[in-house]
1. Would you mind calculating the gained length between S101 and N200 on full extension (0.36 nm times residue separation, minus the Cα-Cα distance), in nm to one decimal?
2. Hey, can you grab everything whose amide H is under 5 Å from the amide H of D119? Only 5+ residues off in sequence or another chain; H modelled, so Pro and N-termini drop out.
3. Leaving ligands and nucleic acids out of the surface, order S175, S74 by accessible area at 1.4 Å, largest first.
4. Straight-line reach from K75: which lysines have a Cα under 17 Å away, not including same-chain ones fewer than 8 places off?
5. May I ask for the percentage of alpha-carbon pairs in segment 100-203 that lie more than 23 Å from each other?
6. Per residue of segment 147-163, in order, report the coupling 6.51 cos²θ - 1.76 cosθ + 1.60 (Karplus, θ = phi - 60°) as ³J(HN,Hα) in whole Hz, putting x for Gly and Pro.
7. Show log10 I(q)/I(0) for the chain at q = 0.16, 0.17 Å⁻¹, two decimals, from a solvent-free Debye sum over equal Cα scatterers.
8. Can you tell me which aspartates and glutamates have their Cα less than 12 Å from the Cα of K189? Leave out same-chain residues fewer than eight positions away.
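The values are calculated or read from the model by the stated rules, or taken from the named source; none is laboratory data. Keep in mind it's a predicted model, so treat the numbers as computed, not measured. Heads up, the Cβs are rebuilt from the backbone with ideal geometry, glycines too, and the neighbour counts pull from every protein chain shown. Ligands, DNA and RNA are excluded from the accessible area calculation, which covers all protein heavy atoms including side chains. Shrake-Rupley method; radii C 1.70, N 1.55, O 1.52, S 1.80 Å.
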Amino acid sequence: MIDILKKLNEDKDRCALIGRNALNISFSRKSEAINPFYTTDYDIVCPDLKTATECAEILRQSGFVHDGATFTESKNGELDILIADPECPQGVIAEYYNVPSLRPLWDSRVRENGILVPDDETLIMNKLLYARENEGKDLKTVAVYFTLEPDRLESFIEKIKNHEEPDERETMLYSLYASMADKEDVRKKLEKIILSEIENPNE
């Protein structure tokens, strides 16, 4: 599948690998601990319908068969195409799901070993915002990330504190708190920040 993902972006930026596998690619060179996130179910995000259609054609030429937005090949596994286009209605667009909330992941894309993935911090912030929607899987990913990158936690907390949208800021703080179950010192710090947010919501 790695070769297929590279092929999709060979001549231009078409899609970014999102979800747990984005972390797998970014950090597999650093630790064996990321291996539990290995999967044969890949998710990619495209900026619009045109590039999603281009990806679909490349996949078909590579031997994938599809049912709607899901493409399958016996040796490579399954790949889902999503669109993140704020200009189009949410929901299904010509067999693909349009999820505008994923747009920051596309906009923050970086190239890792020939594959486009979201910037680390943008990916983690997105996971914190929507962690309650997938039974805690994203919280586990966040915990692994900061286990591998403990020096980045302080600056990340500051970035959340400075986030402009109050509702999103609150959601990310609570999600980060939940992901730090085994780090009591971090949880105490987050408790103070959350309490301050409640007492001074507009600051």
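1. Roughly 32.9 nm would be gained on extension.
2. Amide H neighbours of D119: S108, R109, V110.
3. I get S74, S175, largest accessible area first.
4. Within the straight-line limit of under 17 Å, K75 reaches these lysines: K6, K7.
5. That fraction is 25 percent.
6. My calculation for segment 147-163 gives 6, 7, 10, x, 5, 8, 5, 4, 5, 5, 4, 5, 5, 5, 4, 8, 5 Hz in order.
7. These q points yield log10 I(q)/I(0) values of -1.06, -1.16.
8. Those aspartates and glutamates meeting the cut-off are E154, E158.
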